[in-house]
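What follows is one structure encoded as structure tokens, with my remarks underneath.
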Amino acid sequence: MLKLMSAELVFAIVFFASTVQSSLGFGFALISLPLLSFMLPISQAVLIVLLLGALVNIWLAAKYRSYNKAANYKTLGVWLIIGAITPIFFIGKVNSAVLEIIIYSFIIITAISLLLGHKIKITHEKSTELAVGLLAGVSNTVSAMNGPIVILFFENSRLSKRAFLATVSSLFFITNMVSIAVLLSVGVIHKDIPLQVLVAALCGVIAGIWVGNRLENNMSNNIFGRTVIMAVLAIATTQVLLLVYR
């Protein structure tokens, strides 16, 4: 049973993570998983992150459903699902830290390029969606962190703020559900989460959605885009440093 202080920390972590996710469209797993894993068994932390991340995603997708462009990215969606299923064949057999360092190094280079105003020209759209979807899907199941890869792909596409939020949230919700099913099937995560943890986490995500919604409403498309890229760059750099020096 968690002590009261631990429950308060779970609330604070989930609140901050869901505030970022609901205002920028990503960041829940990137922020919450490393912190929650210090307090909870990783099997519990991953399930909480995937479930609550899916809750924020479905809320954003529903709120901005009229702006949703997910139907235009069916190839990406299919390969996100395939990528999320793929780790069932190798999970536990490869060093996920090495895979994460490679992925985040690529993300850092891409984010810097976009921040400097260099739009990446995509000549083979379907092949690019295949690569992005497969890599992001694998990353989501292995580490619950598919966000930055898909985020940079859509930021490069120059979607409007609300189209961006609705589209990425729809795709993230699907991959979260597939990842949960895969991880449960191989026994990596389990459903025995203390009630105190669930209550604290649920309260945190509801409060975070409320605050994040107000932050997002006050951002212009231009400020939103640059904030997203800078957040991706900061989070990816932090993750690489943590993986190298832990």
- prompt: Got a sec to turn the phi values of the range 51-59 into Karplus ³J(HN,Hα) couplings, 6.51 cos²θ - 1.76 cosθ + 1.60 with θ = phi - 60°, whole Hz, x for Gly and Pro?
  reply: 5, 6, x, 5, 4, 5, 4, 5, 5
query: Using θ = phi - 60° and the Karplus form 6.51 cos²θ - 1.76 cosθ + 1.60, what ³J(HN,Hα) does each residue of the range 19-34 get, whole Hz, x for Gly and Pro?
result: 5, 5, 4, 6, 9, 10, x, 7, x, 4, 5, 4, 8, 7, 4, x
- prompt: What does the highest-first list of 72-81, 219-228 look like by mean Cβ count within 10 Å?
  reply: 72-81, 219-228
Stretchable slack from Ala207 to Val78, in nm (0.36 nm times residue separation minus alpha-carbon distance): 43.2 nm
- request: Multiply the residue gap between Leu184 and Glu125 by 0.36 nm, knock off their C-alpha separation, and tell me the result in nm, one decimal place.
  value: 17.9 nm
field: Protection proxy ranking, peptides 168-178, 17-27, average beta carbon neighbours within 10 Å, highest first
entry: 17-27, 168-178
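Quick note: the coordinates plus some simple rules give every number you see, no bench work behind them. Model, not experiment: these values are computed from the prediction. All Cβ positions, even for glycine, are placed from backbone atoms using ideal geometry, and neighbour counts span all protein chains on display.
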